[in-house]
Amino acid sequence: MGGRSEFIGRVGEDAFGKELKQKLEEEGISTTHVEPVTHCSTGVATILLSDSDNRIIVVPGANDYLTPKYLEKFTEQILTSDVVLLQFEIPLETVRYCLELCEKNGIQVIVNPAPARKLGEEYWEKATYITPNETEVEELFSPSVDAKESIVHKLIVTLGEKGAMFTENGGEQYVPAFPVTPVDTTGAGDTFNGALAVALGEQMETSKAIAFANGAAALSVQRYGAQEGMPTRAELDNFLSDRRNQE
């Protein structure tokens, strides 16, 4: 998407770890802060595809060694970020630590709560944006979220082919999806979150940032694979330009 990205994580000293780091580097993403765990395998996700939908089986492996103590080493990098993106395939204590650090220092944080896990209301409130899908928002927040303004205004709920919803000025706002024919939805949420992070880093207003992310997700579902399906910035700009010309 054209953003300058740094990845903080752990891998094993195995073929998967080397391949994953190489892939990130080929995409221009810094892996300086990705260190190997000598006694553990790299985390993997097995994806089962059926009828254009998917099921994902995750084996965390070295992801479990992304601890708060490990993260402390990269405090300077975190605090010079425009946007920090977190997800739940790492230990929750690390997520909590990072949220506290970023809130204290005024850094924007997007929390993608996948797979859905309980975090604690006081930690949800430290996020700038929370990006669950329809299933995750029901599992994690309803019905109490309706009465909790400190959380509800942070939610950007992805709705698949219906687009995304957020709350602004006390009311629900919907940003429609781009109609496409999907072949594989794997990685669509990840694509959405990555594009959203770039858009917010470029200081787009919320509705435009979500539309930008919707466009990236629409392109991703038309290809097979999670990483392979993610579009480039040029592809997304062309897609959005074509759609505007059609309106």
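The residue of region 6-30 that is farthest from the chain's Cα centre (by Cα), among those that are closer than 26 Å to residue 212 by Cα and in contact (Cβ under 8 Å) with a residue 40 or more places away in the chain, is 23.
Scanning region 4-13 for residues that are surrounded by fewer than 17 Cβ atoms within 10 Å (Cβ to Cβ) and part of a loop (DSSP other than H, G, I, E, B) yields a total of 2.
Pick from 219, 236: which is within 26 Å of residue 127 (Cβ to Cβ) and in a helix (DSSP H, G or I)?
Details: 219 fails: within 26 Å of residue 127 (Cβ to Cβ).
The conditions single out 236.
Apart from one condition, residue 40 fits all of (1) assigned to a strand (DSSP E or B); (2) at pLDDT below 95; (3) more than 25 Å from residue 232 (Cα to Cα); the exception is (1).
Scanning region 17-37 for residues that are in a helix (DSSP H, G or I) and closer than 14 Å to residue 7 by Cβ yields 17, 20, 21, 22, 23, 24, 25, 26. Going through (1) surrounded by fewer than 20 Cβ atoms within 10 Å (Cβ to Cβ); (2) in contact with a helix residue (DSSP H, G or I) (Cβ under 7 Å, 6 or more places away or on another chain) one by one, residue 153 falls short only on (2). Pairing each residue of region 79-103 that is surrounded by fewer than 20 Cβ atoms within 10 Å (Cβ to Cβ) with any residue that is of a type in the set (Lys, Arg), provided the two are 6+ apart or on different chains, yields C-beta distances under 8 Å for 88/117; 92/117; 100/126; 103/126.
The values are calculated or read from the model by the stated rules, or taken from the named source; none is laboratory data. Note that the coordinates shown come from a computational prediction; the quantities given were computed from them, not determined experimentally. Neighbour counts run over all protein chains shown; Cβ positions are idealised from the backbone, glycine included.
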